[in-house]
Amino acid sequence: MAIYKIEDILRKLNNCIEYKKPFSHIRFGDGGIKFLHSILYNDLNQLDIIIDKEGLPATKIVEMFELWGYYARRADFIDTPEVYFNGTFWPRIKKEGKAINEPTRIKMMEWEELYNRSEFDNENYCNPESNYLMVLRRDGHKNILDIMKGKKICLITAKPEVGGLLGDYYVDIIKIVGHYENQYANSFHEVMKLIKHTAKHYDFWMVAAGELGRIYTGFIKECGGRAIDIGFIIEFWIEGYLHPRIQPYLANYINNRFELVLTDEGKKFLEYI
């Protein structure tokens with residue numbers, strides 16, 4: 001199976017911006033794997049945890065699940081956990097010296113079955129950490145910040161204060177509520193309405209909106225726009241925060257607070273990034 005590199009994703013995004021073609025990059029991550037597993041295996045305890053955190057209505061879960069499949073099939077890139085198990089990327093850990101819990105590891109290893117049963121039917125795979133890798137500074141390679149220069153961007157996030165930090169870029173913010181604040185009831189319909197009317201007004205969109213964000217990203221493409229899933233990059237941009245699982249491999253770039261560099265441990269996987 002082919003797993004596309006960051007330069008492949010950014011090159012296609014740049015091309016789609018230039019020629020005004022629709023584009024979407026959707027990352028499901030381990031949270032998505034748990035969501036798929038909870039539905040397919042009727043794990044109600046796990047599903048209740050996700051519903052509460054992500055603000056999903058219990059009555060709409062099947063609809064959300066089907067929309068995930070619909071937009072995954074149409075995405076330019078979706079992520080795969082396979083990179084954590086085939087030696088082409090650093091392992092998925094909880095933090096340095098501590099592995100993820102065994103039930104999560106098992107679910108992630110079953111990703112192919114979960115994707116197939118969910119009818120994702122898309123083999124344009126990318127790295128689950130492609131959001132972090134998009135802000136990586138490497139000699140001879142563009143990153144997403146290079147692409148952002150001179151572009152008109154819309155950002156969907158629960159942390160609108162990031163807009164004040166991105167003053168060198170043209171960024172409009174759509175604010176959503178955060179975790180445990182019932183995003184579906186309090187943000188979803190308004191965001192979908194805004195996307196429908198403005199998807200093509202921007203060169204591209206950046207989405208940091210949890211499980212509902214996969215739907216926003218897919219809908220942006222359906223409406224003729226371009227979108228990438230940047231997730232926790234927002235926390236990194238605001239606080240310089242890096243999740244403990246990636247701290248052994250990525251570090252803050254001293255010359256630009258919005259960028260990352262590979263550590264010596266991370267450089268071992270350079271050829272696959």
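No lab work stands behind these numbers, since they all come straight from the coordinates. Model, not experiment: these values are computed from the prediction. Neighbour counts are summed over all protein chains in view; Cβ atoms, including those assigned to glycine, are modelled from backbone coordinates with ideal geometry.
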| task | Go ahead and collect, in residue order, the members of the range 216-234 whose backbone nitrogen is under 18 Å from a label point 7 Å along the Cα-Cβ direction of residue 74. | result | 216-229
| field | Cα centroid separation, the range 251-267 to the range 56-122 (Å) | value | 26
| message | If I stretch the segment between residue 58 and residue 252 completely, what's the gain in nm (0.36 nm per residue apart, minus their alpha carbon distance), one decimal? | response | 65.9 nm
| remark: residue 265 and residue 142 label points (each 7 Å along its Cα→Cβ direction) are spaced in nm at 3.2
| query | Which one of 232, 87, 135 has its Cα pushed farthest toward the positive end of the charge dipole of the range 6-272, where Lys and Arg give +1 and Asp and Glu give -1 at the Cβ? | reply | 135
| For the range 1-157, convex hull volume per residue from C-alpha positions, Å³ | 148
| said: Using 0.36 nm times the number of residues separating residue 11 and residue 88, minus their current alpha carbon distance, what extension gain do you get? | reply: 25.6 nm
| task | Name the residue farthest towards the positive end of the dipole of the range 4-57 from the options 36, 25, 46, assuming +1 on Cβ of Lys and Arg, -1 on Cβ of Asp and Glu, about the Cα centre. | result | 25
| Which peptide among 77-89, 142-154 comes first, and what is the full order, when sorted by highest mean count of other Cβ atoms within 10 Å? | 77-89, 142-154
| said: As a footprinting exposure proxy, order 187, 130 by other Cβ within 10 Å, with the fewest listed first. | reply: 187, 130
| field | Gyration tensor (alpha-carbon) shape descriptor, the range 48-115, a/c threshold 1.5 | value | oblate
| message | Can you tell me the length gained on complete extension of the stretch residue 170 to residue 49, counting 0.36 nm per residue apart and subtracting the Cα distance? | response | 39.9 nm
| request: Take peptides 224-231, 93-100 and line them up by average Cβ neighbours within 10 Å, highest first, as a rough protection proxy. | output: 224-231, 93-100
| note | Going residue by residue through the range 172-185, the Karplus relation 6.51 cos²θ - 1.76 cosθ + 1.60 with θ = phi - 60° gives ³J(HN,Hα) values, rounded to whole Hz and with x marking Gly or Pro, of 8, 10, 10, 8, 10, 6, x, 4, 6, 10, 6, 4, 4, 6
| task | Treat each spin label as a single point 7 Å out from the Cα along the C-beta direction, and report the residue 238 to residue 161 distance in nm. | result | 0.6
| task | Note down the magnitude of the dipole of the range 6-272 about its Cα centre, charges +1 on Lys and Arg C-beta and -1 on Asp and Glu C-beta and zero elsewhere, to the nearest 20 debye. | result | 640
| said: Please compute the modelled spin-label separation between residue 102 and residue 42, points set 7 Å along Cα→Cβ, answer in nm with one decimal. | reply: 2.6
| field | Cβ-placed point charges (K, R +1; D, E -1), dipole of the range 109-170 about Cα centre in debye, nearest 20 | value | 620
